[in-house]
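Novice: Structure provided below as structure tokens; questions to follow.
Bear in mind that the values in this text are calculations on the coordinates, not laboratory data. A quick note: this is a predicted structure, and the numbers were derived from the prediction, not measured. With ideal geometry, Cβ positions are generated from the backbone for all residues, glycine too; neighbour counts draw on all protein chains shown.
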Amino acid sequence: MENKITQANVQVVKEFLAAMGSSDRGNLLSLVSEDMEWIIPGEDWPLAGTYKGHSGLVDVLQKASEEVEMTYPKPPEFVGQGERVFVIGVATGKIKATNKAFKDDWVFDVTVRNGKLTNIREYIDTQALARASEMPASPNS
């Protein structure tokens, strides 16, 4: 039984990641609980913060599309155990405001309950992202 639950939860997370890349907002929101929490660590880069609920999810995805260009050079790896799914991957891209490139090795720690994502905790290279977000010092300083 545990294995079937784990497999179902991994599938929900895969569907969520695929929905993030599409324009089907309804499908995306159907995969997350109303009180979902997404924690993106760090400071001094555009996406750092805690996002809650459907409105928080919409906000972070809007901010990401405006501020960051990202590609995923290889498919992520999924590791599931019960209600937790770990997604391991790498992203490359740039921060649009600075035009600086970054490479980010990341892990998402996702909790799935009753077929919906309830919590996402990112473990990312905050230093690489903050460095890419640094604006050059003004010539007057």
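Novice: Would you mind checking the pairs Lys96/Lys116; Lys4/Lys103; Lys4/Lys94; Lys14/Lys103 and listing those with alpha carbons more than 29 angstrom apart?
Specialist: Pairs exceeding 29 Å: Lys96/Lys116; Lys4/Lys103; Lys4/Lys94.
Novice: What share of Cα pairs, in percent, lie more than 27 angstrom apart in the chain?
Specialist: 22
Novice: Still on this structure, I have one more. Provide Met36, Met20 in ascending order of the number of other Cβ atoms located within 10 Å of each residue's Cβ, fewest first.
Specialist: Met20, Met36
Novice: What does the charge dipole of the chain about its Cα centre add up to, to the nearest 20 debye, if the Cβ of each Lys and Arg holds +1 and the Cβ of each Asp and Glu holds -1?
Specialist: 240
Novice: On to the next question. For the chain, with a Gaussian network of springs between Cα atoms less than 10 Å apart, report the residue from Ser22, Ser33, Ser55 with the top mean-square fluctuation.
Specialist: With Cα springs under 10 Å in the chain, the top fluctuation among Ser22, Ser33, Ser55 is at Ser22.
Novice: Along the stretch 47-59, what does the Karplus equation 6.51 cos²θ - 1.76 cosθ + 1.60 (θ = phi - 60°) give for ³J(HN,Hα), rounded to whole Hz, x for Gly and Pro?
Specialist: In residue order, the calculated couplings are 8, 4, x, 10, 10, 10, x, 4, 5, x, 5, 4, 4 Hz.
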